[in-house]
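Chemist: Dropping a structure here in structure tokens format, bear with me for questions.
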Amino acid sequence: MDTANGLTPLCKLVDHYDGLLCDIWGVLHNGVAAFGDAVDALCRVRASGRFVILITNAPRLSKDVYPQLARFGVPRAAFDTILTSGDVTGILVASQPDAPLFHFGPARDRSVLEGLTNPIVAMKDAKICLLTGPLDDDIETVDVYHPCLVQMRDNAVTMICANPDLLVRSGPRMVICAGSIAQRYAQLGGTVIYAGKPQAEIYDEALKKAAALAGKEIPKPRLLAVGDGMPTDIKGAADNGFDAYFVAGGIHAEAFPDMNLAANVTKAGETLKSQFAGLKLVGICDHLRWG
């Protein structure tokens with residue numbers, strides 16, 4: 001049941017599902033602080049006997065996201081477990097355990113290297129580039145990386161992108177993510193393998209976590225994918241057979257203004273369905289909230 005303006009509150013959807021696959025950045029926090037209404041909504045979902053798996057394109061291991069969420073003000077009562085693209089990246093790299101590897105990203109993401117047996121080498125000697133993000137958070141364009149991307153392409157380096165996101169909102173700023181660098185590398189003719197949403201591997205791991213939480217296998221129709229990213233969360237839901245709940249006020253807020261107007265909500269739904277074949281869109285909200 002939608003409200004008069006066409007938005008669908010989470011409380012009207014949860015009875016149809018055993019659990020949520022919920023995005024983090026843009027849905028639960030803005031990179032600086034948690035959204036109180038979103039925290040309350042997830043706490044209510046869990047209080048209703050359902051589970052919440054936070055599924056994110058963070059390019060680091062999930063164990064590092066727990067303390068980050070605590071700093072932002074997200075309590076443990078809001079979720080059961082976390083799955084990151086960094087977790088999936090480790091699985092992908094482990095399939096090539098002897099390949100020399102170069103880590104392209106900030107030092108804070110180095111946990112993604114934990115447990116890997118690959119030799120860590122300089123860029124010129126690498127066969128795999130494990131990309132987690134720009135080297136500096138103040139970098140606003142991938143142009144500065146053009147020379148090294150050309151060098152890696154010429155050396156036939158395979159890039160494994162641990163964060164397919166192109167951009168993310170950090171407080172009032174929009175900053176580039178690893179996905180923007182990987183996109184440029186692919187445009188230059190380099191080989192890119194993506195971990196995280198919208199790829200199937202991260203959803204396969206999410207299903208395993210759901211089964212562990214429930215003590216049984218959970219069919220895809222019993223899981224609701226919640227997110228604000230069209231090329232990641234929404235495409236991921238469409239491509240992998242999950243119902244989708246779109247948070248319009250996140251990364252694409254400028255593209256979907258005035259969501260209190262029913263006509264705009266209808267237009268947003270039509271836009272999403274036209275872009276993603278097979279999308280099962282069950283609702284749209286401006287920001288994640290319970291009612």
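The values are calculated or read from the model by the stated rules, or taken from the named source; none is laboratory data. Remember, it's a predicted structure, so these values are computed and weren't measured experimentally. We place every Cβ from the backbone using ideal geometry, glycine too, and count neighbours over all the protein chains shown. For accessibility, only protein heavy atoms count, side chains too; no ligands or nucleic acids. Shrake-Rupley method; radii C 1.70, N 1.55, O 1.52, S 1.80 Å.
Chemist: Describe numerically, in nm with one decimal, the distance between label points set 7 Å from Cα along Cα→Cβ at Asp143 and at Gln68.
Modeler: The answer from the label model is 2.8 nm.
Chemist: Okay, next question. Against the longest principal axis of the chain, how steep is helix 36-47, in degrees 0 to 90 to the nearest 10, with axes from Cα atoms?
Modeler: 80
Chemist: What longest region of the chain stays clear of GluC sites (Glu not before Pro) that DSSP places outside H, G, I, E and B and that have at most 15 other Cβ atoms within 10 Å? Don't skip to the end; give the middle numbers.
Modeler: Working: sites that count: Glu114, Glu140, Glu217, Glu254.
No qualifying site falls inside 1-113, the longest such stretch.
Chemist: Rolling a 1.4 angstrom probe over the protein heavy atoms, how many square angstrom per residue are accessible across the stretch 138-291?
Modeler: On the way: 6860 Å² over 154 residues.
Here the residues of the stretch 138-291 average 45 Å² of exposed surface.
Chemist: Helix 85-94 versus the longest principal axis of the chain: what is the Cα-based angle in degrees, 0 to 90, to the nearest 10?
Modeler: Value to nearest ten degrees: 40.
Chemist: Against the longest alpha carbon principal axis of the chain, how many degrees, from 0 to 90 and to the nearest 10, is the axis of helix 262-275 turned?
Modeler: Taking Cα atoms only, the helix is inclined about 40 degrees.
Chemist: Right, something else. What number do you get for the chain when its Cα radius of gyration is normalised by 2.2 N^0.38 Å, N = residues? Intermediate results must be reported in sequence, preceding the final value.
Modeler: Numbers: Rg = 18.9 Å, N = 291, 2.2 N^0.38 = 19.0 Å.
This ratio for the chain stands at 1.00.
Chemist: Could you go through the stretch 188-202 in sequence order and give the Karplus-derived ³J(HN,Hα) for each residue, using 6.51 cos²θ - 1.76 cosθ + 1.60 with θ = phi - 60°, rounded to whole Hz, and x for Gly and Pro?
Modeler: Per-residue couplings from phi come out as 7, x, x, 8, 10, 10, 9, 9, x, 5, x, 5, 5, 4, 6 Hz.
Chemist: For the chain, what % of the accessible area comes from carbon and sulfur atoms, probe 1.4 Å?
Modeler: Values: 6550 of 12340 Å².
Here carbon and sulfur together make up 53 percent of the probe-accessible area.
Chemist: So which of Lys209/Lys267; Lys12/Lys63; Lys124/Lys208; Lys12/Lys267; Lys127/Lys209; Lys63/Lys280 end up more than 28 Å apart, counting from Cα to Cα?
Modeler: On the way: Lys209/Lys267 35 Å; Lys12/Lys63 32 Å; Lys124/Lys208 38 Å; Lys12/Lys267 21 Å; Lys127/Lys209 32 Å; Lys63/Lys280 32 Å.
With Cα atoms farther than 28 Å apart: Lys209/Lys267; Lys12/Lys63; Lys124/Lys208; Lys127/Lys209; Lys63/Lys280.
Chemist: Here's a follow-up. Set the Förster radius R0 to 22 Å, insert the Cβ-Cβ distance between Ala33 and Arg108 as r into 1/(1 + (r/R0)^6), and round the FRET efficiency to 0.05.
Modeler: It comes out at approximately 0.70.
Chemist: So between Arg76 and Glu217, what do we pick up on full extension, going 0.36 nm a residue minus the alpha carbon distance?
Modeler: Numbers: separation 141, 0.36 × 141 = 50.76 nm, distance 2.40 nm.
Length gained between Arg76 and Glu217: 48.4 nm.
Chemist: Something else about it: Would you please give the residues with an amide H less than 5 Å from that of Thr81, counting only those at least 5 places away or on a separate chain, with H modeled from the backbone geometry?
Modeler: Val52, Leu54
Chemist: Something else now. So, R0 is 35 Å and r is the distance between the beta-carbons of Asp15 and Arg173; what FRET efficiency does that work out to, to 0.05?
Modeler: Numbers: r = 38 Å, r/R0 = 1.10.
Efficiency, rounded to the nearest 0.05: 0.35.
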